[in-house]
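Contents: one structure, followed by commentary.
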Amino acid sequence: MGRLEALLAAMTLEEKIGQLTMAAADRAVTGPVVPGDSRAGIRAGRIGGMLNLWGAEPARAIQRMAVEESRLGVPLLLGFDVVHGHRTIFPIPLAEAAGFDPALWERTARQAAVEATGDGVALTFAPMLDVARDPRWGRIAEGPGEDPWLASRFAEAKVRGFQGSDLKDAGSLAAAAKHFCAYGAATAGLDYASVDVSERLLHEVYLPPFQAAVAAGCAAIMPAFNDIAGVPMTANVPLLRDWLRGQTGFDGVVISDYNAIAELVRHGVASDLIEAAALALKAGVDIDMVSEAYRRGLPAALERGLVEMAEIDAATLRVLTLKERLGLFDDPYRPGASSAARNSSEAAARRDLAREAARRAIVVLTNSGILPLAAGARRIALVGPMANARADMRGPWSGAGEADDPVTILEGLRAALPDCEIVFAEGVGIDGKDIDGIPEAVAACRSADVILMCLGEAAAMSGEAACRANPGLPGRQRQLAEAALEIGKPVAALLSSGRPLIAPWLVERADAVVATWFLGSEAGNAIADVVTCRFNPTGRLPVTWPRDIGQAPIYYSARPSGRPADPKDHFTSKYLDIPVEPQFPFGHGLSYSRLTLTNLRASAETFKPGEDILAAVDVINEGAVAGEATVFLFVRDVVARVARPLLELKGVAKIVLAPGERGVVRLPVPAAAFAYPNADFQPAIEPGRFELSVGLSADRASLLTISIFAVAA
Ligand code: BGC
């Protein structure tokens with residue numbers, strides 16, 4: 001008998017259920033507050049994990065209680081939402097996704113893990129992999145955007161970064177990929193609302209990122225709060241047990257979302273905690289986060305025969321196995337005060353990384369030539385409520401990041417432009433209720449050569465339970481912006497937000513619009529780097545940006561219509577009141593260079609299913625500064641038994657070019673890129689014509705496309 005089996009054999013039922021119970025501390029509040037003191041429970045072996053507690057000393061103290069004062073001395077699993085940084089805050093995931101840079105995603109996750117483990121954390125509730133196509137849903141901020149291929153690459157990079165090559169290493173965190181699954185498809189963009197997606201959409205869009213996370217060795221998975229067609233994910237046997245455990249072979253820990261097991265009662269699938277506990281355990285949920293359903297319900301469920309001891313044992317063993325993989329039995333305090341987290345040169349390197357990730361996240365949406373700021377500008381008016389909104393720069397889920405840590409836009413610009421006079425006027429508050437400074441802001445604008453408007457949302461306006469039916473500029477910001485636009489000076493708008501903001505009037509009237517999202521600790525410096533061209537922008541939209549909320553849900557990979565939009569034909573797929581096109585397509589983002597693509601070719605015109613193809617395209621920098629192109633590769637299966645989307649992203653490549661330089665970008669198209677889930681949802685390649693397209697975005701009008709043919713094997 002191994003050490004864990006022996007431990008299991010020594011446990012009482014209460015102690016086993018204790019391993020399946022995670023309680024909340026109150027260093028952060030991430031759900032309904034549960035009153036009570038966990039200390040007695042830890043000493044009695046009734047609690048096996050805690051969340052929302054960090055700090056080397058508090059972590060050590062609570063761990064000591066479990067190890068030295070409980071009967072069996074099993075160490076606690078300490079979890080925390082280290083989503084985009086722990087103390088050093090990196091851009092929100094949606095913004096990081098705009099970098100289209102897996103190596104960078106991995107590095108930021110690694111550094112977040114170094115800081116978090118230094119604070120005693122062993123498990124992060126990340127990466128968040130919810131494909132999201134509706135900007136009303138506040139949690140769009142926390143994930144990698146609308147595309148399953150992109151989300152899958154994000155999943156792999158984040159799991160690698162958090163976990164490293166061995167969970168026992170100093171600086172390795174166990175990752176819990178979440179929220180499994182289709183949480184982003186909440187009806188009408190409303191958080192916690194019901195989801196009803198087809199099995200096909202699950203297999204094409206919502207499952208692949210989790211498949212990728214599992215393949216990358218992700219230690220844990222968190223089921224989502226939502227139901228799918230009436231079956232809550234916390235009790236979803238077909239998806240949790242059959243697909244996740246059965247088909248992908250996932251053998252890690254499934255950890256419920258906050259209070260989600262007890263919420264099965266309100267979902268209307270369990271009449272009490274006993275039934276709720278039985279449903280969740282049967283579906284394969286190992287750890288009950290906060291709800292106490294396992295502690296209060298499982299003993300009775302066992303007595304009534306709703307669950308078997310073998311199921312409780314299996315769940316307990318999975319939790320113990322994770323603790324062992326983390327090295328907790330050998331060193332319950334783990335590397336604790338990991339020296340890398342404290343070393344000052346490493347801390348400075350983390351700051352540099354935060355700046356690099358932040359500037360790579362910035363997406364220049366429009367620019368009539370006002371950016372980069374001309375070297376001769378003497379006086380800049382910096383107006384709007386986001387210019388000095390320090391704490392908000394962290395965005396939602398900012399871990400242990402301090403409110404006074406981020407560099408503001410005002411500070412970043414002042415540091416970058418010491419010879420320039422920067423006149424700052426807030427104008428209005430973020431939600432417009434507190435400040436009436438529009439006249440003062442207008443005066444500042446009149447006296448300036450150029451106006452930078454810093455507009456957007458508060459950090460708390462995106463993230464969990466932060467949906468907005470009208471995700472435009474809140475409060476009186478539009479009034480401020482219009483007053484500034486009236487003056488007739490050049491105006492650039494910088495938008496801080498956790499989602500695409502809908503402001504077609506602004507896009508039409510401003511000389512430049514830049515999506516700066518929530519960029520974290522180095523926000524102001526990164527923004528200054530981009531507006532001054534110290535860094536030539538490279539960010540590309542990981543989501544389609546709508547022009548009107550009536551277009552949501554919106555995404556580039558739509559299936560073809562039998563009546564595609566045609567302005568000359570009434571009976572086609574259009575709106576009467578707005579254009580059908582988004583404001584900006586997926587992948588859109590401008591550079592200060594002028595990059596063009598030409599001469600797309602493929603390594604073969606025909607291929608047999610199972611063979612890889614290599615595509616290549618020439619890229620030219622016709623601009624005056626060196627720049628980086630991001631080239632997207634899309635595939636379309638033109639005729640198939642089940643209609644395939646008009647475009648599906650299958651590859652991304654980058655190239656840096658000097659002014660006037662021409663280079664070649666090669667994009668491998670692996671055989672799997674031609675497959676789609678067949679009637680049994682197994683990947684299959686049908687013979688026939690495929691279109692390969694490349695472009696600088698998913699704008700179909702500007703793609704280069706060639707046809708290649710799959711021939712029967
Ligand atoms: C969120 C999760 C999070 C958990 C723990 C929940 O409310 O949905 O994403 O990991 O709280 O903080």
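Could you tell me whether any residue of the stretch 49-65 is within 16 Å of the ligand (Cβ to nearest atom), among the aromatic types (Phe, Trp, Tyr) and either in a strand (DSSP E or B) or farther than 30 Å from Phe518 by Cα (or both)?
Within the stretch 49-65, none of the residues are within 16 Å of the ligand (Cβ to nearest atom), among the aromatic types (Phe, Trp, Tyr) and either in a strand (DSSP E or B) or farther than 30 Å from Phe518 by Cα (or both).
Would you mind listing the strands (runs of 3 or more DSSP E) fully within the stretch 566-684 where at least 2 residues are open to solvent by 40 Å² or more (accessible area, probe 1.4 Å)? Explain how you work it out, then say what you get.
On the way: elements: 595-602, 613-621, 627-637, 648-657, 662-669.
Output list reads 595-602, 648-657, 662-669.
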Checklist entry - Residues of the stretch 15-30 being assigned to a loop (DSSP other than H, G, I, E, B) and within 16 Å of the ligand (Cβ to nearest atom), which ones? => result Ala25, Asp26, Arg27, Ala28, Val29, Thr30
Item to check | Given (1) closer than 17 Å to Met386 by Cα; (2) open to solvent by less than 10 Å² (accessible area, probe 1.4 Å), index of the condition Gly539 fails | outcome: (1)
Next on the checklist: I'm checking my understanding of the structure. Among residues of the stretch 252-275 that are hydroxyl-bearing (Ser, Thr, Tyr) and within 13 Å of the ligand (Cβ to nearest atom), which one is nearest to Leu306 (Cα to Cα)?
Outcome noted: Ser256
Item to check | Condition check for Val159: in contact with a strand residue (DSSP E or B) (Cβ under 8 Å, 6 or more places away or on another chain), β-branched (Val, Ile, Thr), closer than 26 Å to Tyr192 by Cα and buried (at least 24 other Cβ atoms within 10 Å of the Cβ) | outcome: yes
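Given the structure, is Gly171 surrounded by 20 or more Cβ atoms within 10 Å (Cβ to Cβ) and either away from the ligand (no atom under 14 Å from the Cβ) or not aliphatic (A, V, I, L, M) (or both)? First the steps, then the outcome.
On the way: surrounded by 20 or more Cβ atoms within 10 Å (Cβ to Cβ): yes; either away from the ligand (no atom under 14 Å from the Cβ) or not aliphatic (A, V, I, L, M) (or both): yes.
Spelling it out, Gly171 is indeed surrounded by 20 or more Cβ atoms within 10 Å (Cβ to Cβ) and either away from the ligand (no atom under 14 Å from the Cβ) or not aliphatic (A, V, I, L, M) (or both).
Determine, yes or no, whether Val33 is more than 15 Å from the ligand (Cβ to nearest atom) and hydrophobic (A, V, I, L, M, F, W, C).
Numbers: more than 15 Å from the ligand (Cβ to nearest atom): no; hydrophobic (A, V, I, L, M, F, W, C): yes.
Judged against the criteria, Val33 is not a match.
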Checklist outcome for this item: Residues in the stretch 379-396 that are free of Cβ contacts under 8 Å to residues at least 40 places away in the same chain and acidic (Asp, Glu) total 0
Checklist entry - Taking the stated definitions as given, is Leu72 touching a residue at least 40 places away in the same chain (Cβ under 8 Å) and within 21 Å of Gly297 (Cα to Cα)? => result no
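A quick yes/no check of all residues on (1) open to solvent by 50 Å² or more (accessible area, probe 1.4 Å); (2) basic (Lys, Arg); (3) in contact with a Pro (Cβ under 6 Å, 6 or more places away or on another chain):
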| site | (1), (2), (3) |
| --- | --- |
| Thr12 | yes, no, no |
| Gly36 | yes, no, no |
| Ala44 | no, no, no |
| Ala56 | no, no, no |
| His86 | no, no, no |
| Arg110 | yes, yes, no |
| Glu115 | no, no, no |
| Asp119 | no, no, no |
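For the stretch 209-227, what are the residues that are polar (S, T, N, Q) and either in a loop (DSSP other than H, G, I, E, B) or within 12 Å of the ligand (Cβ to nearest atom) (or both)? Let's see the steps before the verdict.
We begin by selecting, within the stretch 209-227, every residue polar (S, T, N, Q); these are 211, 226.
The one that is polar (S, T, N, Q) and either in a loop (DSSP other than H, G, I, E, B) or within 12 Å of the ligand (Cβ to nearest atom) (or both): Asn226.
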Item to check | Selection count, the stretch 485-536, where residues are open to solvent by 10 Å² or more (accessible area, probe 1.4 Å), part of a helix (DSSP H, G or I) and charged (D, E, K, R) | outcome: 3
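The values are calculated or read from the model by the stated rules, or taken from the named source; none is laboratory data. Every value quoted in this text rests on a predicted model; they were computed, and no experiment measured them. As a convention, Cβ positions derive from the backbone with ideal geometry for all residues, glycine included, and neighbour counts pool all protein chains shown. These area figures cover heavy atoms from the full protein model, side chains too; ligands, DNA and RNA do not enter into them. Shrake-Rupley method; radii C 1.70, N 1.55, O 1.52, S 1.80 Å.
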